[in-house]
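Reading through the C-alpha coordinates given below for one structure.
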Amino acid sequence: MLWKCSVCGYIYEGDAAPEKCPKCAVPEHKFSNLSEEAANKITDSTRTNDIHMELIKLAARMKRLAEEGMEINLDSTCYVTFKKAQEEAGIIKQRSKSEIADHAGKGKW
Ligand SMILES: [Zn+2]
(Lines give C-alpha, C1' and ligand atoms only; values in the text may rest on other atoms or scores of the structure.)
Protein backbone atom coordinates (compact mmCIF):
# COMPACT_ATOMS: atom_id res chain seq x y z
CA MET A 1 0.00 0.00 0.00
CA LEU A 2 1.07 3.56 -0.67
CA TRP A 3 0.55 6.38 1.81
CA LYS A 4 0.88 10.06 1.02
CA CYS A 5 1.85 12.82 3.42
CA SER A 6 -0.77 15.58 3.09
CA VAL A 7 1.78 18.20 4.15
CA CYS A 8 4.82 17.58 1.94
CA GLY A 9 3.63 14.95 -0.56
CA TYR A 10 6.09 12.27 0.57
CA ILE A 11 5.06 8.78 -0.63
CA TYR A 12 5.54 5.94 1.84
CA GLU A 13 5.26 2.26 0.95
CA GLY A 14 4.11 -0.15 3.69
CA ASP A 15 1.18 -1.90 5.39
CA ALA A 16 0.53 1.15 7.56
CA ALA A 17 1.48 4.82 7.50
CA PRO A 18 4.82 5.64 9.19
CA GLU A 19 4.81 7.00 12.78
CA LYS A 20 6.12 10.25 11.41
CA CYS A 21 6.90 11.57 7.95
CA PRO A 22 10.54 10.83 7.00
CA LYS A 23 10.64 14.15 5.17
CA CYS A 24 8.71 16.72 7.20
CA ALA A 25 8.20 14.82 10.51
CA VAL A 26 4.42 15.33 10.83
CA PRO A 27 2.58 12.50 12.69
CA GLU A 28 1.01 9.47 11.04
CA HIS A 29 -2.56 10.85 10.94
CA LYS A 30 -1.40 13.34 8.29
CA PHE A 31 -0.94 10.41 5.91
CA SER A 32 -3.71 9.12 3.67
CA ASN A 33 -3.94 5.79 1.91
CA LEU A 34 -3.75 6.18 -1.87
CA SER A 35 -6.36 4.55 -4.09
CA GLU A 36 -5.23 1.71 -6.34
CA GLU A 37 -5.58 4.01 -9.35
CA ALA A 38 -3.36 6.69 -7.79
CA ALA A 39 -0.84 4.03 -6.68
CA ASN A 40 -0.69 2.60 -10.22
CA LYS A 41 -0.10 6.07 -11.64
CA ILE A 42 2.87 6.50 -9.30
CA THR A 43 4.25 3.07 -10.28
CA ASP A 44 3.89 4.00 -13.97
CA SER A 45 5.58 7.35 -13.59
CA THR A 46 8.44 5.82 -11.59
CA ARG A 47 9.02 3.31 -14.39
CA THR A 48 8.73 6.06 -17.03
CA ASN A 49 11.34 8.16 -15.22
CA ASP A 50 13.62 5.10 -14.98
CA ILE A 51 13.30 4.63 -18.74
CA HIS A 52 14.21 8.29 -19.31
CA MET A 53 17.25 7.84 -17.03
CA GLU A 54 18.30 4.78 -19.04
CA LEU A 55 17.94 6.71 -22.33
CA ILE A 56 20.07 9.51 -20.90
CA LYS A 57 22.80 6.97 -20.04
CA LEU A 58 22.61 5.39 -23.49
CA ALA A 59 22.78 8.82 -25.14
CA ALA A 60 25.89 9.65 -23.10
CA ARG A 61 27.47 6.39 -24.30
CA MET A 62 26.49 7.17 -27.91
CA LYS A 63 28.05 10.62 -27.58
CA ARG A 64 31.34 9.14 -26.29
CA LEU A 65 31.43 6.58 -29.13
CA ALA A 66 30.75 9.28 -31.73
CA GLU A 67 33.52 11.43 -30.28
CA GLU A 68 35.95 8.52 -30.44
CA GLY A 69 35.00 8.03 -34.09
CA MET A 70 35.54 11.74 -34.75
CA GLU A 71 39.01 11.54 -33.18
CA ILE A 72 39.99 8.58 -35.37
CA ASN A 73 38.69 10.62 -38.32
CA LEU A 74 39.19 7.88 -40.93
CA ASP A 75 37.53 9.92 -43.67
CA SER A 76 35.30 12.96 -44.01
CA THR A 77 31.99 11.09 -44.46
CA CYS A 78 32.63 9.05 -41.30
CA TYR A 79 33.46 12.26 -39.47
CA VAL A 80 30.17 13.86 -40.59
CA THR A 81 28.19 10.74 -39.55
CA PHE A 82 29.81 10.73 -36.11
CA LYS A 83 29.30 14.47 -35.73
CA LYS A 84 25.57 14.02 -36.45
CA ALA A 85 25.33 11.10 -34.01
CA GLN A 86 27.04 13.24 -31.36
CA GLU A 87 24.51 16.05 -31.89
CA GLU A 88 21.52 13.70 -31.96
CA ALA A 89 22.67 11.99 -28.76
CA GLY A 90 22.73 15.42 -27.13
CA ILE A 91 19.14 16.06 -28.27
CA ILE A 92 17.91 12.67 -26.95
CA LYS A 93 19.58 13.37 -23.61
CA GLN A 94 18.11 16.87 -23.26
CA ARG A 95 14.64 15.76 -24.32
CA SER A 96 14.50 13.04 -21.67
CA LYS A 97 15.95 15.39 -19.06
CA SER A 98 13.24 17.95 -19.73
CA GLU A 99 10.53 15.26 -19.46
CA ILE A 100 11.85 14.28 -16.02
CA ALA A 101 11.94 17.93 -14.96
CA ASP A 102 8.39 18.36 -16.28
CA HIS A 103 7.16 15.33 -14.25
CA ALA A 104 8.81 16.66 -11.10
CA GLY A 105 7.09 20.01 -11.65
CA LYS A 106 3.68 18.34 -11.96
CA GLY A 107 4.21 16.26 -8.81
CA LYS A 108 4.66 12.95 -10.65
CA TRP A 109 7.26 10.55 -9.36
ZN1 LIG B 1 5.67 15.01 5.09
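Some points to look at:
- Remark: the chain carries a charge dipole of roughly 320 debye about the Cα centre, counting +1 on each Lys and Arg Cβ and -1 on each Asp and Glu Cβ.
- Rounded to the nearest 10 degrees, the inclination of helix 36-72 to the longest alpha-carbon principal axis of the chain is 20 degrees.
- Surface share of carbon and sulfur [accessible, 1.4 angstrom probe, percent] for the chain: 54
- Note on Leu74 and Asp50: their simple-model spin labels are 3.8 nm apart, each label 7 Å out from Cα toward Cβ.
- Relative packing of peptides 59-65, 12-18, 72-78, 1-7 - highest average C-beta neighbours within 10 Å first: 1-7, 59-65, 12-18, 72-78
- Pairs from the table (Lys20/Lys93; Lys4/Lys97; Lys83/Lys106) lying more than 29 angstrom apart at Cα are Lys20/Lys93; Lys83/Lys106.
The values are calculated or read from the model by the stated rules, or taken from the named source; none is laboratory data. In this text, all values refer to a predicted model and were calculated from it rather than measured experimentally. Every residue, glycine as well, gets a Cβ built from its backbone with ideal geometry; the counts of neighbours run over all protein chains shown. In case anyone asks, the SASA skips ligands and DNA or RNA and just uses the protein heavy atoms, side chains included. Shrake-Rupley method; radii C 1.70, N 1.55, O 1.52, S 1.80 Å.
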